[in-house]
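We did not get these values from a lab; they are worked out from the coordinates using the rules stated. Nothing here was measured: the structure is a model prediction, and the numbers come from that model. Ideal geometry is used to build each Cβ from the backbone, glycine not excepted, and the neighbour counts take in all protein chains shown.
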There are 2 protein chains.
Amino acid sequence: MMRYLLIVLCCALYFEARAQKVENLNFTSASSFTLVGKSEETPNRYDRIDTNKYKGLPPRVAQLLTNAAGLAISFKTNSSVIAAKWCVSKSRALPNMMPTAQKGVDLYIKNGDQWQFAGIGRVSGVCNDEILISHMDKGEKECLLYLPLYDVVDKVEIGIEKQASISSNEDPFKKRVLIYGSSIVQGTGASRPGMAYPARLSRASGINFINLGLSGSAKMEPEVANMVAAIDADAYILDCVPNTNPKLVTERTANLINTIRNKHSSAPIIVLQSLVRETGYWDKQLGAQVKQQNLNVQTEVLYLLQKGMKNLYFITSENMIGNDHEGTIDGTHPNDLGYDRMLKHIQPQIIDILNKHGIK
Amino acid sequence: MMRYLLIVLCCALYFEARAQKVENLNFTSASSFTLVGKSEETPNRYDRIDTNKYKGLPPRVAQLLTNAAGLAISFKTNSSVIAAKWCVSKSRALPNMMPTAQKGVDLYIKNGDQWQFAGIGRVSGVCNDEILISHMDKGEKECLLYLPLYDVVDKVEIGIEKQASISSNEDPFKKRVLIYGSSIVQGTGASRPGMAYPARLSRASGINFINLGLSGSAKMEPEVANMVAAIDADAYILDCVPNTNPKLVTERTANLINTIRNKHSSAPIIVLQSLVRETGYWDKQLGAQVKQQNLNVQTEVLYLLQKGMKNLYFITSENMIGNDHEGTIDGTHPNDLGYDRMLKHIQPQIIDILNKHGIK
């Protein structure tokens, strides 16, 4: 009996302490703060694309473009506590996503010249409020709050101590490099929004990599190719082999590249092979299919290069996520270990190409 | 209209194909197959400990010991398809766990002398059936099916093709090394059951590391110390700094070590410092607390060593999960990247100590 009373008392004290803490904060809407990682202006602030502008997009593509993948709010504050309120949809928890990556938020703070992880906001329902980090020094801090990778987002507010100040900060990243691709771009398997690979590339390089990952739906449809080409960027990375099949790769790769090239006569276009699926080592059918997709995309790029297309680059995927077979959550999507290995493989090559074109 | 008809038709075909596939398999109960990673026999096969044997265990500890963390079924088959059926509880999805790690299953197959990831079984409800891998070669395969890290498990069955054979296989791991610790041992942040660090240590070394991780509850209570000491093992690893506080570390560490030593006069006892929490770099209060816990555990181990205790070892945690601050899911629990770095740090030291004592 005594034990139960104690548990009830502890719970009451905990919730009291927590409520007091959030109550003691001032919340400011993030609606006027700089939004990092946007492709273009949208009627709904936290959509990635204004899909009404583009005709004939597949419904699933249009829906995925309302997910806030890659978007982050840039602000500065001298508060020693940072909290967030945000709302997501009622969509169900995905079986292959960490809940924080799907619907949570992820705070980074600048430490010297490096962006450093500071805290997450866990998701508990449609509308959430969470203290992300407490007991910090009171100095001015530059912050990036990454939004959910796999959900629509609304009503984002930042909470700070009552006596502290908060204001919008500039976009810390320069230029614009669009990454069109699959769930591996959108961030399935990453443990939190800031761990999606385009976000990691931006923090590591200072270049603005824009996440146009479309989970399961990066199929290079002509209408999507038109949309990608219509987005103004300094370079284009195409990581869209995984969601297709060998025939589609052959049918659609050259059209996608040519469509971009027609609108952007000299922008670097970098095509990535797909990582070899770990399940493909055992599933001979799947293994052969991914191998063929990778061969076919290489054939397409080689053909365009031989025809004389300039500023077109190809990055192969051998051993991209290591050779111990532990780099995925499910045989297909990298875990944070696999993404780290993938970045060690692609990042130096991508940065080298971009720098050569003055993108830095 | 036509599009909707097509979608309905595709869905029907998909479920038909899937149902046919699972229906075409023969399922065998795993109840008589070798169970790897057990501390001791238990009335409920997939519990870790028979908690009725030990007096005074905290209720949360007793409950966590019914989670199947670290358990795996050892079998061999020549089937080219492997499926699984398993039941878990109705407990809610945890906000900081990948659903597959919490409630799913994870298949490894021996490739030469290496255990290699083959496929996962995603969780979709209380009772689940999933094809883990298909289209394999038909040769005899040694398999390990890891069970959920954070749930009770019941009614595990393995599915194979009707014309194929299946049988129990021996425990591939030798000796027994018990790891008592927190959620970091149990596997929070790992993307699937086989990625918990004790499981990775076993596959890498061939030594049987037993997961006695107790999420949030590794507090070295005297009753739990008695239980740990009562389990017969060749060595004991204590990774239980994170769930305590500086005072508890000082009060309880020596008692835990002495209790084990009294029952096991010469077994190596290896004490690990806690990883420094990434949030602790910003949260000065938390950072100072973990630092103090780590200092206090070091003081306790040094004291026992100076008093002459033999076969007691200490592994420090500096830079254990790297220095880019990207190795956790939430500032506390490693992601697969953090676990990989942690293993690079602790594995050579642990294996070296064990080998010196003939444990290999």
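Using a cutoff of 8 angstrom between alpha carbon atoms and counting only pairs six or more residues apart, the relative contact order for the range A:25-168 works out to 38 percent.
Mind checking B:283-290 for the average number of partner chain beta-carbons within 10 Å of each residue's beta-carbon? Could you put the intermediate results ahead of the total?
Numbers: counts 8, 5, 3, 3, 1, 1, 0, 0.
The mean count of partner-chain Cβ atoms within 10 Å per residue comes to 3.
Structure remark: mean-square fluctuation, Gaussian network model of chain B, C-alpha springs under 10 Å; the largest value among B:L64, B:L25, B:L149 belongs to B:L25.
Here's the list of aspartates and glutamates a cross-link from A:K175 could span, going by alpha-carbon distance under 19 Å and ignoring same-chain residues fewer than 8 apart: A:E40, A:E41, A:D113, A:D232, A:D234, A:D352.
Set the bar at 23 Å for Cα to Cα. Now go through A:K103/A:K155; B:K53/B:K310; B:K53/B:K76 and name every pair that lies beyond it. Too far apart for the 23 Å limit: B:K53/B:K310; B:K53/B:K76. Of the residues B:N296, B:L214, B:N262, the one whose Cα sits farthest towards the positive end of the charge dipole of chain B is B:N262 (charges of +1 on Lys and Arg Cβ, -1 on Asp and Glu Cβ, taken about the Cα centre). Pairs of Cα atoms in the range A:174-356 fall into 10 Å distance bins, from 0 up to the last occupied one, in shares of 10, 41, 38, 11, 0 percent.
Counting other C-beta atoms within 10 Å, which of B:M342, A:M195, A:M309 has the fewest, and how do the rest follow? Write out the running numbers ahead of the final one.
Values: B:M342 22, A:M195 27, A:M309 15.
Final ranking by Cβ density, sparse to dense: A:M309, B:M342, A:M195.
To the nearest 20 debye, what charge dipole does chain A have about its Cα centre, counting +1 at the Cβ of each Lys and Arg and -1 at the Cβ of each Asp and Glu? The partial results should precede the final answer.
On the way: 40 positive and 35 negative charges, 83 e Å.
Approximately 400 debye in magnitude.
Just for chain B, what percent of DSSP beta bridges are antiparallel, to the closest 5? Walk me through the intermediate numbers first.
On the way: 39 of 57 bridges.
Just about 70 percent of them are antiparallel.
Projected onto its three principal axes, the C-alpha set of the protein assembly as shown covers 78, 73, 47 Å, listed from the longest axis down. Which of the three applies to chain A, rounded, prolate or oblate, going by the alpha-carbon gyration tensor with a ≥ b ≥ c and a/c under 1.5 meaning rounded? Prolate, because a/c is 1.5 or more and a/b exceeds b/c.
Can you tell me, using C-alpha contacts under 8 Å and at least 6 residues apart, the relative contact order of chain B as a whole percent?
On the way: 780 pairs, mean separation 58.5, N = 360.
Relative contact order of chain B: 16 percent.
Computed from Cα positions, the angle between helix A:284-306 and the longest principal axis of chain A comes to roughly 70 degrees. Report summary: the helix-based calculation at 222 nm, which adds -39500 (n - 2.57) for every DSSP H run with n ≥ 4 and divides by the residues of the protein assembly as shown, gives -10500 deg cm²/dmol.
Once you reduce the range A:282-360 and the range B:284-329 to the center of their Cα atoms, the two points are 40 Å from each other. Excluding same-chain neighbours fewer than eight residues apart, the aspartates and glutamates reachable from A:K90 by a Cα-Cα span under 12 Å are A:D151.
Dipole of chain B computed with +1 at Lys/Arg Cβ and -1 at Asp/Glu Cβ about the Cα centre; of B:N24, B:A230, B:V123, farthest Cα towards the positive end is B:A230.
How far is helix A:2-23 tilted, in degrees, relative to the longest principal axis of the Cα atoms in chain A, given as a value from 0 to 90 rounded to the nearest 10? Between the helix axis and the principal axis of chain A, the angle is about 70 degrees.
Taking the fewest neighbouring Cβ atoms within 10 Å as the starting point, the ordered list for A:Y146, A:Y281 is A:Y281, A:Y146. In order along the range A:343-358, the Karplus-derived 3J(HN,Hα) couplings, from 6.51 cos²θ - 1.76 cosθ + 1.60 at θ = phi - 60°, round to 5, 4, 7, 8, 4, x, 5, 5, 5, 4, 4, 4, 4, 4, 9, x Hz, and Gly and Pro are given as x.
Using only side-chain charges placed at the Cβ, +1 for Lys and Arg and -1 for Asp and Glu, the dipole size of the protein assembly as shown relative to its Cα centre rounds to 40 debye.
Straight-distance candidates among the lysines for linking to A:K21, with alpha-carbon spacing under 18 Å and chain neighbours fewer than 8 residues away dropped: A:K85, A:K138, A:K162, B:K284. Annotation: the residues B:M98, B:M227, sorted from fewest to most other C-beta atoms within 10 Å of their own C-beta, follow the order B:M227, B:M98.
With Cα atoms as the point set, the range A:95-239 shows a radius of gyration and Dmax of 16.4, 53 Å. Taking one quarter of the surface of the convex hull spanned by the alpha-carbon atoms of the range B:25-168 gives a direction-averaged projected area of 9.0 nm².
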